[in-house]
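Comments concern the structure below.
The values are calculated or read from the model by the stated rules, or taken from the named source; none is laboratory data. None of the values given here were measured: they were computed from a predicted structure. Because the Cβ atoms are built from the backbone with ideal geometry, glycine has one as well, and the counts that use them run over all protein chains shown. Note: areas computed on protein heavy atoms with side chains; ligands, DNA, RNA excluded. Shrake-Rupley method; radii C 1.70, N 1.55, O 1.52, S 1.80 Å.
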Amino acid sequence: MRELKNIEEKILDRALYLMGKKKSCNISIRAIAKEANVNVSAINYYFRSKDEMLQLVKEFYIQNSQSVLSILKNEEYDLEERLLLAANEIIEYALQYPGNMVIHSHSLELIDSDVKSKNVVDIVFEIGELIQQTLNSLIPGEKVACQYRYLIFTSAVNYPTESEVIALSEKFILKEQKSRIDYLKALITSLKSL
């Protein structure tokens, strides 16, 4: 996962976090400043407008999503390792930045008028395609069965982090990498038996 290196990225990180928490891209500058523990003037210094900041949040999202793509394309891993590592990265990223789905939904609304929004949608689509191809290669079968496996896999990866009741629970078992990997291994094993 991309490391935060400066105040600008810290602000973007906290903006993405708040978008996920509020389930909206409409977050006040003051709320972002408070969450990032910076002055409002720092936000004004780094970003000329809220729209510019949103564009950079999308760019930050795209850059972080590149790690998932690089895992899925890395032929040094076998098929199961690619799925495990990529899905782990998706869960870890969604836990740290719960604004993923909000950014994706916002980008879908603006896909025809905003280049960054199109880039967000494109990278999500590419990740989905590669997951589906990898899953189908690992567990071949009839077209419909493969579609079911893909739906089950992506739902099992995304739902735990999107459900506030689950993700915010003190007993949430996917907070640690080992637990996530064990969960994903169990998921893949169960999909092989379908």
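Overview of values
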quantity	calculated
Those residues of segment 90-116 which are in contact with a helix residue (DSSP H, G or I) (Cβ under 8 Å, 6 or more places away or on another chain), part of a helix (DSSP H, G or I) and more than 21 Å from Thr154 (Cβ to Cβ), in sequence order	Glu109, Leu110, Lys116
Condition check for Lys171: exposed (fewer than 11 other Cβ atoms within 10 Å of the Cβ) and either under 25 Å from Gln96 (Cα atoms) or touching a helix residue (DSSP H, G or I) at 6+ places or on another chain (Cβ under 6 Å) (or both)	yes
Any hit, segment 165-174, residues being at pLDDT below 90, in a helix (DSSP H, G or I) and within 22 Å of Cys25 (Cβ to Cβ)	yes
Residues of segment 77-86 that turn out to be open to solvent by 30 Å² or more (accessible area, probe 1.4 Å) and either of a type in the set (A, V, I, L, M, F, W, C) or under 15 Å from Asp122 (Cβ atoms) (or both), as a count	2
Odd one out for Leu151 among (1) crowded, with 17+ Cβ neighbours inside 10 Å; (2) closer than 29 Å to Lys22 by Cβ	(1)
Qualifying helices (runs of 4 or more DSSP H) (wholly inside segment 1-76; at least 3 residues being open to solvent by less than 40 Å² (accessible area, probe 1.4 Å))	7-22, 29-36, 50-73
Residue within segment 180-194 that is in contact with a Pro (Cβ under 8 Å, 6 or more places away or on another chain), part of a helix (DSSP H, G or I) and at pLDDT below 95 present	no
Filter result for the condition that a residue is farther than 23 Å from Ile62 by Cα, among the β-branched types (Val, Ile, Thr) and touching a residue at least 60 places away in the same chain (Cβ under 8 Å), over Ile181, Ile91, Ile173	Ile181
